[in-house]
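Here's the structure we're looking at; comments come further down.
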Amino acid sequence: MSVATTHDHHHDHHGPPRGWQRWVYSTNHKDIGTMYLFFALFMLFFGGAMAMYIRAELFMPGVQLASPDFYNNMVTDHALVMVFGMVMPAAAGMANWMIPMMIGAPDMALPRLNNLSFWLLPAAAILLMLSIVAPYIFPDGGTPVNTGWTLLPPLSVQNGIGMDFTIFAIHTLGVSSILASINIVTTILNMRAPGMTMMKMPLFVWAWFFTALLLIAVMPVLAGAVTMLLFDRHFGTSFFDAAGGGDPILFQHLFWFFGHPEVYVLLLPSIGVLGLVIPTFARKPLFGYKALVYGMGVLAALGMVVWAHHQYTIGMSLVATNYFMIGTILISIPVGLMLMNFIFTMWRGSMTFETPMLFGIAIILMFSFAGVTGVMLAVVPADMQYHDTMFVVAHFHYALIPGAVFGLYAGVFYWLPKWTGHMYNERLGQIFFWWTTISFNLTFFPQHFSGLAGMPRRIVDYSIQYTEFNMISSIGGFLFGLSHLLFLYIIIQTIRGGAKAPAKPWEGSQIGTPGLEWTLPSPPPFHSFTEAPVIK
Amino acid sequence: MLPRRDKCLSALFITGGAWLFSSMAHAAYEYNLTPPASTLTQEIFDLHMLTTIVGTIIMALVTGMIIYALINFRHAKGAIPDQEFHNGWFGRWAWVLVPVIVLSIDLTIASSASSTLSSVESHDKADVTVKVIGSQWKWTYEYMDDDIKIVSNLKKLEPTDPLYLRDVDDPLVLPTGKRVRFLLTSSDVLHNWGIAEIVPKKINIPGYINETWTNITKEGTYRGQCYENCGTGHAFMPAVVRAVSPTEYEQWKVTRKAQQAQSAAEASADKVWAKAELMAKGEAVYTKNCLACHQANGQGLPGVFPALAGSKIANNTAALADHIAIVVKGKAGTAMAAWGPQLNDLDIAAVVTYERNAWGNTAGELVQPKDIKAAR
Ligand code: HEM
Ligand SMILES: [Cu+2]
């Protein structure tokens, strides 16, 4: 199993190419993973800056900073950047780095495709940025993309040229995701070391397996929907125009057929990280590994058939509405099962509270809370009151930030020693944890209240009864944004130096499912495994 | 380990404290769903409370278990991990047990929700039917059984006014104790007419009709707004209902119809209006309908809404017909609505006159109602 440890000494000519070519032409899963992670980090600040602008505008009533259209443009791009530019690439970066190492493969199955799927991302990011400035630099640029990330027609048909750039950006992002997913599925199915059966794979690998399948299933639907939108805008079709025989609601169905599974795409990789972090720091195998694997499968499958719970107010038949309601409520079963498994993994364990574990515990608590508000939203008549209020914004940020983003933080701190060969500064890590957790709750908890009291989402200005909650939210938001400078600092500090990390930096590493990553030194050699390790 | 627990506690105190302090500072906080004022919304409110309470209990249980684990199963306390825990009977059955518990909670909620949903979707005969039309950015209400039409526009107030963004110039008037059916539609993009006290929301879709209903139990004024992002003016689209007793409602209808008849007669008479009259009326129509996009100074919003001040159409006598056409028929593919169906000949004549003479525009013609009649 430890062949690789000494292997790279006599194979220096295999080492990394030097200079920019190492990165631009890279087919190495670790280098591509690193690029994905840095791209995501950059987009975190880009999308975060837009969130800061949004919170600044909402700090008090009145339109202070820019026009309503610019505000809604920021809401749109904040979401697109966070979802497609930050969470997905960060998770993909971790997949690239870790999956081959966990299953004992030398690299991804399709390394050149891997290079392509990464480089499509910066291209898409440029298109997205162009979509913001296009209305101002083109004569007759029209209205900015003021629709929100759901891009609903007919409003999106009214938009100016920025919408076309957004559509092309989504096409590019979609192609990137599909290629990356094909690569991941192929790698998992074909590249496992002898003896690594599917049911021995670390939970993170399983999580990405389901994620990739979901992406392959739903990204084309989104691509189709925005293409139809493009045709409605420029080629005289009326897919979404009732006057021409189309149906504006069709777009919503297509969007959410993609959009709801997308939520699990954001979530599952983080659940996978949790499935490694919690056992490690509880020093005890994962409780219910099989139940978790099946649970994730059920979650992914159920997630594909409940999309219309985002559209309870469009006027569906009673039967259809009941179906979507019950289906949605049933999702609490696999979710409840997962949370239970994590709690019972801690139960009778021997826990220490390093940064990844702190994030792990916070995720269990706050994601449960998102689940609870999720069930509230699933109940159709009540949702007719909550729909498109700040309550929904609070709910999905509780799902997305703990559920997806905190899971990524846990992963970053968990694997930083492996990636860089240095231990991060534990004290700073813990400060970062408390700072983000407290400010996150300060930001989004009050939004439950302003939402229930009736404040709509996607509004640039609100009446004065919502002032206090919005002020608290904005202060929380600024603190949350600020905390990420510390995150950046910790990462840079760890890359530049620090205590040397052993191959197995955590005492409890590798309890439970036998990921092979800990058998490699930290940092691992350029080619992870050149001879397949064998698992008994 | 104590310092870490201290950290935990102080964090809790800080957040809790900040929250308490701020709530004391302002007594008018609303924490919960708006108190219902109709039979149906009362039912929904009760459902909301049911799920909230179930949710709170679940959160308390989860939090309790986690805190228990954090206290008892700490490495620092010398806890020995039980490597076989997942292989015991509990480990073998928990994956059945927990889903069954969750399922039974789910079914309780779902059955209660399903019966409320049937009330929402019931189509009993209504006493009053109102068509609610959303458009960028105002609401139009048409009483289907009476010849009454109301156009509700944002009333401009200072951002310090308690009713800032919550008041309109002409609210919808409804009787209490009667079943009122709302037919929802839109003339341009998606809107969503929402007043949580009295109706469950359904969206307004152009080309389609959605239905919702209410039976208001208390007289009063109920305020809501548009809940579906409809573009630039989305934040500025309040929806206000004044609920009055049935007798007062009947009286109101009589007065309202008389007023409407009078202004219709005025508008269609072939009277020739003087410039001052047209300008005054035109300014009022402009303020009510056009200002949201084209702005008070006629400058529009660059790149978004074209300026009228100094525009080619409004300053060129040869383009008068185009000017009238664009106001009457709208401009396809943009936010410019067709005002022909919404405004009468006099209103359009006045606003076109106003646009051609205000903000230093020089075309200077007077447009009369008969010109509009001809252009329709
Ligand atoms: C500092 C952190 C963040 C702050 C302060 C923040 C704040 C906001 C605000 C104020 C809105 C607009 C709500 C509205 O009016 O509809 C919003 C929308 C949204 N945010 Fe965030 N957000 C943050 C992080 C994130 C992250 C990490 C994600 C995703 C992973 C995310 C996903 C979204 C989505 C999907 C929307 C919906 C946009 C739409 O309505 O079209 N946000 N956010
Ligand atoms: Cu609207």
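Numbers below:
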item: Per-residue mean of C-beta atoms belonging to partner chains within 10 Å, peptide B:114-120; result: 5
item: Cut-off 15 Å between beta-carbons: net charge of the residues surrounding A:Leu152, Lys and Arg +1, Asp and Glu -1; result: -3
item: √(5λ) per eigenvalue of the Cα gyration tensor, the protein assembly as shown, largest first, Å; result: 54, 31, 23
item: In nm, spacing of pseudo-spin labels at B:Met59 and B:Glu219 (7 Å Cα→C-beta vector); result: 4.0 nm
item: Simple spin-label estimate for A:Ile492 and A:Leu479 in nanometres, 7 Å along Cα-Cβ; result: 2.5 nm
item: Within region B:304-376: Cβ-based charge dipole about Cα centre, in debye rounded to nearest 20 (Lys, Arg +1; Asp, Glu -1); result: 160 debye
item: Computed label-point distance, nm, for sites B:Glu158 and A:Met471 using a 7 Å Cα→Cβ extension; result: 1.8 nm
item: Pairs of lysine residues in chain A - Cα separation under 13 Å, sequence separation of 8 or more or cross-chain; result: 5
item: Those residues of region A:26-53 whose amide nitrogen sits under 16 Å from the label point placed on A:Trp20, 7 Å along Cα→Cβ; result: A:26
item: Chain lengthening between B:Trp252 and B:Glu211 when straightened (0.36 nm per residue, less Cα-Cα); result: 12.3 nm
item: Charge dipole magnitude, Cβ of K and R +1, D and E -1 - region B:174-214, Cα centre, debye nearest 20; result: 200 debye
item: Peptide B:154-166 - average C-beta neighbours from other chains (10 Å radius); result: 4
item: Cα-based helix-to-principal-axis angle, A:248-282 vs chain A, degrees rounded to 10; result: 30 degrees
item: Ellipsoid equivalent to chain B - semi-axes via the Cα gyration tensor, in Å; result: 56, 27, 19
item: Most fluctuating residue given options B:Leu163, B:Leu366, B:Leu103, as computed from a GNM of chain B linking Cα atoms under 10 Å; result: B:Leu103
item: Mean shadow area of region A:414-465 over all directions, Cα convex hull, nm²; result: 5.8 nm²
item: Net lengthening on full extension, B:Arg92/B:Ala332 (0.36 nm per residue, minus Cα-Cα); result: 79.9 nm
item: Shielding of A:329-335 by partner chains, average beta-carbon count, 10 Å; result: 5
item: Percent RCO, i.e. relative contact order, over chain A, from Cα pairs under 8 Å lying at least 6 residues apart; result: 21 percent
item: Rounded to the nearest 20 debye, dipole of chain B from Cβ charges on Lys, Arg, Asp, Glu; result: 620 debye
item: Residue pairs, from the table B:Lys253/B:Lys370; B:Lys156/B:Lys281; B:Lys149/B:Lys271; B:Lys329/B:Lys373, whose Cα atoms sit over 22 Å apart; result: B:Lys253/B:Lys370; B:Lys149/B:Lys271
item: Overall dimensions of region B:57-136 as given by Cα atoms, namely Rg and Dmax in Å; result: 24.5, 73
item: Value of relative contact order over region B:284-376, rounded to a whole percent, pairs C-alpha under 8 Å and six or more apart; result: 25 percent
item: Normalised convex hull volume, region B:185-304, alpha-carbon set, Å³ per residue; result: 169 Å³
item: Cleavage-rule hits (chymotrypsin sites (Phe, Trp or Tyr not before Pro)) in region A:205-255: DSSP loop, at most 15 neighbouring Cβ within 10 angstrom; result: A:Phe235
item: Normalised alpha carbon radius of gyration of region B:258-319 [divisor 2.2 N^0.38 Å]; result: 1.41
item: Positive dipole terminus of region A:8-124, leading residue within A:Gln21, A:Gly47, A:Phe118 (C-beta point charges); result: A:Gln21
item: GNM flexibility winner over chain B from B:Gln251, B:Gln299, B:Gln83 (Cα, springs under 10 Å); result: B:Gln83
item: Distance between region A:428-467 and region B:303-376 - C-alpha centres, whole angstrom; result: 45 Å
item: Between 0 and 90°, nearest 10: helix A:29-57 axis offset from chain A longest Cα axis; result: 30 degrees
item: With Cα atoms, 0 to 90° folded angle of helix B:345-357 axis to chain B main axis; result: 90 degrees
item: Percent of beta bridges antiparallel (DSSP, the protein assembly as shown, rounded to nearest 5); result: 70 percent
item: FRET E, pair B:Ala261, B:Gln299, Förster distance 56 Å, beta-carbon r, rounded to 0.05; result: 0.90
item: Most mobile of B:Asn361, B:Asn32, B:Asn289 in a GNM of chain B (Cα contacts under 10 Å); result: B:Asn32
item: For the protein assembly as shown, calculated [θ]222 nm from helices alone, where every DSSP H run of n ≥ 4 adds -39500 (n - 2.57); result: -19000 deg cm²/dmol
item: All-pairs Cα distance distribution in chain A, expressed in whole percent, bin size 20 Å; result: 22, 57, 20, 1
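Bear in mind these aren't lab numbers, they're just calculated from the coordinates by the rules spelled out. Since the model is a prediction, treat every value here as computed from it, not as a measurement. Don't worry about glycine lacking a Cβ; one is built from the backbone with ideal geometry, like all the others, and counts go over all protein chains shown.
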